[in-house]
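What follows is a set of notes on a single structure, which appears directly below.
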Amino acid sequence: MLVNKPCLIEANLTENWKCLSEWIDHNGSPNFEFLKRHFGNSVAPVADCNEQYFNAQKKQNMRVTDFIDYWQKFALDGHPKDRPCLYLKDWHFVKEYPDYGAYHWPEIFRSDWLNEFCDSENGGDDYKFVYMGPKGSWTPMHADVLSSFSWSSNICGRKKWILFPPGTEENLKSTHGDLPFQRNLSPEMTRGGIIIDQLAGQTIFVPSGWHHQVWNEEDTISINHNWLNGCCIEDAWRNLLKGLRAVENELQDCKDMEGWLEQCQVVLKAVAGVDCKGFAGMLAYIANQRIARIKKEEVQLGKEHTIFDLRKVLNVLESFRQNDILNDVDTCDFKIFLDCLEKE
């Protein structure tokens, strides 16, 4: 994770997952009847891969059973290209079915500040998703929210990924600064990208800041998490700060108006999904959890890992102070505590 490179992990990571025995049939295809019977009344976001809405795909909310009915007919008819190609995305399945136990959270991805915070009482929506889509569905070029890491496990089907290291996405942008929105990328566009074919059962790790586009080459179901931890939190903060400065620049004409700083944070949250106060709240929660465990001598992560986490939190909070953001952030006592801990 520290080297921030993509990785494809073999199927032994997912081999004991409940969803592998219940969500797919004996042919390795989606078990549509099981999914409709157990989860059909849920409502989830569904994108039309053939309809562009600004720089994304047009979305609607659908009952899962209605989406699967569409999917079954679409597949039976041979995935016709002249019909809407719908893709169920960003379904907060775990939050809706917390007791079902569809999968085991992989140990290598358990250091997850974002979902640790979101799972707390005041954390809000999680970043744990189920995706389901027919052959031919796809996700346009993008980088993940908050410059987060992500992992994606194929329950069934096959995906094709193309990933671009941070900075190289600039070569893909139009003269207006827009990323490409097209299913088929030209050879010129794919130059410099890493292409990965992901089979059923395999898991891909997508590093922070890597732009990527994904195609479902078969009827596919996947489980996906976005997450942050000490390995990428400084990159995430730099990206958020860059976003804030861009918002401030756009609203420069209104700078003398009362409440300008607060309005910039409102716009930042709308664009990035979090404002500086929310980001600081996550950091404070993680720091307090780590400190409490140390004081109780309940350091499941290990002392060195815990110190690493706290040091990364401190680095970002110091950057808050240096950039005159949330000036009530005081890191003095935190720094003294951490210095003492490292000397023990």
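The values are calculated or read from the model by the stated rules, or taken from the named source; none is laboratory data. The shown structure was predicted, so the numbers you read here are calculated from the model rather than taken from an experiment. Backbone-built Cβ (ideal geometry, glycine too); neighbour counts: all protein chains shown.
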Residue list for region 98-137, restricted to those being assigned to a strand (DSSP E or B) and either in contact with an Asp or Glu (Cβ under 6 Å, 6 or more places away or on another chain) or at pLDDT below 95 (or both): F129
Being touching a Leu at 6+ places or on another chain (Cβ under 7 Å), among the hydroxyl-bearing types (S, T, Y) and closer than 29 Å to D275 by Cα, is that true of even one residue in region 115-138? yes
Of those in region 81-97 that are assigned to a loop (DSSP other than H, G, I, E, B) and not hydroxyl-bearing (S, T, Y), the residue farthest from the chain's Cα centre (by Cα) is D82
Here the qualifying pairs (Cβ atoms under 6 Å; residues six or more apart or on different chains; first in region 96-111 and closer than 10 Å to W17 by Cα; second at pLDDT 95 or above) come out as G101/K18; A102/K18; A102/C19; Y103/W17; Y103/C19; Y103/I223
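Table: residues versus (1) among the aromatic types (F, W, Y); (2) closer than 19 Å to K89 by Cα.
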residue: K128; (1), (2): no, yes
residue: T139; (1), (2): no, yes
residue: A143; (1), (2): no, yes
residue: W151; (1), (2): yes, yes
residue: E169; (1), (2): no, no
residue: H176; (1), (2): no, no
residue: D197; (1), (2): no, no
residue: V206; (1), (2): no, yes
residue: T220; (1), (2): no, yes
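Being of a type outside the set (A, V, I, L, M) and under 19 Å from the mean Cα position of the chain (by Cα) is the requirement here; does F67 meet it? Spell out the reasoning first.
Numbers: of a type outside the set (A, V, I, L, M): yes; under 19 Å from the mean Cα position of the chain (by Cα): no.
It is false that F67 is of a type outside the set (A, V, I, L, M) and under 19 Å from the mean Cα position of the chain (by Cα).
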Flagged in region 127-137 as of a type outside the set (S, T, N, Q) and either crowded, with 19+ Cβ neighbours inside 10 Å or not assigned by TED's automatic domain parsing to the domain that holds Q213 (or both), in numbering order, are Y127, K128, F129, V130, Y131, M132, G133, P134, G136
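Which residue, of W210, W215, W151, is closer than 27 Å to C85 by Cβ and touching a helix residue (DSSP H, G or I) at 6+ places or on another chain (Cβ under 7 Å)?
Selected residue: W151, the only one of W210, W215, W151 that is closer than 27 Å to C85 by Cβ and touching a helix residue (DSSP H, G or I) at 6+ places or on another chain (Cβ under 7 Å).
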Residues being modelled with pLDDT under 95 and either assigned to a loop (DSSP other than H, G, I, E, B) or not assigned by TED's automatic domain parsing to the domain that holds W113 (or both) - total across region 180-201: 9
Filter pass, E169 being of a type in the set (D, E, K, R), assigned by TED's automatic domain parsing to the domain that holds Q57, over 30 Å from H104 (Cβ atoms) and surrounded by 17 or more Cβ atoms within 10 Å (Cβ to Cβ): yes
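Do the conditions hold for I221, that is, is it at pLDDT 95 or above, among the aliphatic types (A, V, I, L, M), buried (at least 22 other Cβ atoms within 10 Å of the Cβ) and not assigned by TED's automatic domain parsing to the domain that holds D309? Steps first, please.
Details: at pLDDT 95 or above: yes; among the aliphatic types (A, V, I, L, M): yes; buried (at least 22 other Cβ atoms within 10 Å of the Cβ): yes; not assigned by TED's automatic domain parsing to the domain that holds D309: yes.
In short, yes.
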Please give the number of the condition R83 fails out of (1) closer than 27 Å to D144 by Cα; (2) free of Cβ contacts under 8 Å to residues at least 60 places away in the same chain. (1)
What about N226, is it outside any helix (DSSP H, G or I) and either modelled with pLDDT under 95 or under 16 Å from the mean Cα position of the chain (by Cα) (or both)? yes
